[in-house]
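Student: Please read through the structure below; I'll follow up with questions.
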Amino acid sequence: KINSGALIVDRKFVASQDYQVDNKGTRDKVILIEHPIRQGWKLAETLKPIETTPALYRFQGNAVAGKVTVLTIKEENLRQETITMLPADIGQLISYSRTGEIPQGVRDAIIKAIQLKQGVLDIEGQITDRTTQITDITQEQERIRENMKTVDAKSQYYERLLAKLNEQESTIEKLQKERDDLQAKRDAQRKALTDYLNALTVS
């Protein structure tokens, strides 16, 4: 289930232990089986012990003459895992969205959260790309300025370098504007994700 954006997964582990008693005699016999107590595990769908100590259960049964009698002890262990969906890794959420044991309604809600989270990541990738381009151009500008120091200011080469700097400045301004717009878009997408998860409760 999902409670206020937290994915709560209940897992039930089941263990079964068979005890076999081969009664080769001609009369039925009363048998006593001692089974260890394991922390976190509880008896399930099995005989009620006649005695319980801090370390073990004692079960009483009847071994039929000339036969192998089997006494089965079943136990279960319930564990709960809570995943806060907002910071959770998308890969982890995808795994849960494909788990058939999870109710369809919960899986559908997880899929929508994945789509919103992926939208944020996609925009952040575009922001990183713009930042990288700005950094690369800025570094190139530094090299051009260093070259200009050694070139005659009245030469055509100097003019070409100057024109290149001006062109790069325009490109940087364009990239900065794109980055600012993407950051605003990312923030809006992140808010949509946060609002969706904070209000999300599905059983």
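The values are calculated or read from the model by the stated rules, or taken from the named source; none is laboratory data. As the structure is a prediction and not an experimental result, all values here were calculated from the model. All Cβ positions, glycine included, derive from the backbone under ideal geometry; neighbour counts span all protein chains shown. The area values use the complete protein model at the heavy-atom level, side chains included, leaving out ligands, DNA and RNA. Shrake-Rupley method; radii C 1.70, N 1.55, O 1.52, S 1.80 Å.
Student: Would you please list the contacts, defined by Cβ atoms under 7 Å and residues six or more apart or on different chains, that run from a residue in segment 50-65 that is over 14 Å from residue 38 (Cβ atoms) to a residue that is of a type in the set (Phe, Trp, Tyr)?
Tutor: From segment 50-65, the pairs are 50/59.
Student: I would also like to ask the following. Looking at segment 70-93, which of its residues are of a type in the set (A, V, I, L, M, F, W, C), open to solvent by less than 50 Å² (accessible area, probe 1.4 Å) and more than 30 Å from residue 48 (Cα to Cα)? Let's see the steps before the verdict.
Tutor: At the first step, the residues of segment 70-93 found to be of a type in the set (A, V, I, L, M, F, W, C) are 70-71, 73, 78, 83, 85-86, 88, 90, 93.
With open to solvent by less than 50 Å² (accessible area, probe 1.4 Å) added as a condition, the list becomes 71, 73, 83, 85, 88, 90, 93.
Result: 83, 85, 88, 90, 93.
Student: Can I ask one more? Give me a count of the residues in segment 130-156 that are touching a helix residue (DSSP H, G or I) at 6+ places or on another chain (Cβ under 9 Å) and part of a helix (DSSP H, G or I).
Tutor: 12
Student: If you go through segment 179-201 one residue at a time, do you hit one that is in contact with a Gly (Cβ under 6 Å, 6 or more places away or on another chain), touching a residue at least 12 places away in the same chain (Cβ under 8 Å) and part of a loop (DSSP other than H, G, I, E, B)?
Tutor: The first filter runs over segment 179-201 and keeps only residues in contact with a Gly (Cβ under 6 Å, 6 or more places away or on another chain), leaving 189, 197-198, 200.
Among the residues that remain, those that are also touching a residue at least 12 places away in the same chain (Cβ under 8 Å) are: 189, 197-198, 200.
Now narrow it down to the ones that are part of a loop (DSSP other than H, G, I, E, B): 200.
Looking through segment 179-201, at least one residue is in contact with a Gly (Cβ under 6 Å, 6 or more places away or on another chain), touching a residue at least 12 places away in the same chain (Cβ under 8 Å) and part of a loop (DSSP other than H, G, I, E, B).
Student: With respect to residue 101, is the statement that it is open to solvent by 80 Å² or more (accessible area, probe 1.4 Å) and in contact (Cβ under 8 Å) with a residue 24 or more places away in the chain true?
Tutor: Spelling it out, it is not the case that residue 101 is open to solvent by 80 Å² or more (accessible area, probe 1.4 Å) and in contact (Cβ under 8 Å) with a residue 24 or more places away in the chain.
Student: Just a yes or no: is a residue in segment 115-124 of a type outside the set (Asp, Glu), surrounded by 12 or more Cβ atoms within 10 Å (Cβ to Cβ) and more than 35 Å from the chain's Cα centre (by Cα)?
Tutor: Looking through segment 115-124, none of the residues is of a type outside the set (Asp, Glu), surrounded by 12 or more Cβ atoms within 10 Å (Cβ to Cβ) and more than 35 Å from the chain's Cα centre (by Cα).
Student: For residues that are of a type outside the set (A, V, I, L, M) and surrounded by 11 or more Cβ atoms within 10 Å (Cβ to Cβ), scanning just segment 139-159, find the one that is nearest to residue 128 (Cα to Cα).
Tutor: Ranking the candidates gives 140 first.
Student: Same structure again: Search segment 104-114 for residues being of a type in the set (A, V, I, L, M, F, W, C) and touching a residue at least 40 places away in the same chain (Cβ under 8 Å), and hand back the single one that is surrounded by the most Cβ atoms within 10 Å (Cβ to Cβ). First the steps, then the outcome.
Tutor: Initially, segment 104-114 is screened for residues of a type in the set (A, V, I, L, M, F, W, C), giving 106, 109-111, 113-114.
Filter once more, keeping what is touching a residue at least 40 places away in the same chain (Cβ under 8 Å): 106, 109-110, 113.
Numbers: 106: 20, 109: 22, 110: 25, 113: 23.
For segment 104-114, the residue satisfying everything is 110.
Student: Here's another thing I want to ask about it. Residue by residue through segment 8-43, note down the ones that are within 30 Å of the chain's Cα centre (by Cα) and open to solvent by 90 Å² or more (accessible area, probe 1.4 Å).
Tutor: Listed by number, the residues that qualify are 10, 11, 12, 14, 38, 39, 42.
Student: Please pick out the residue among 52, 46 that is out of contact with any Ser or Thr (no Cβ under 6 Å at 6 or more places or on another chain), surrounded by 14 or more Cβ atoms within 10 Å (Cβ to Cβ) and among the hydroxyl-bearing types (Ser, Thr, Tyr).
Tutor: After applying the criteria, what remains is 46.
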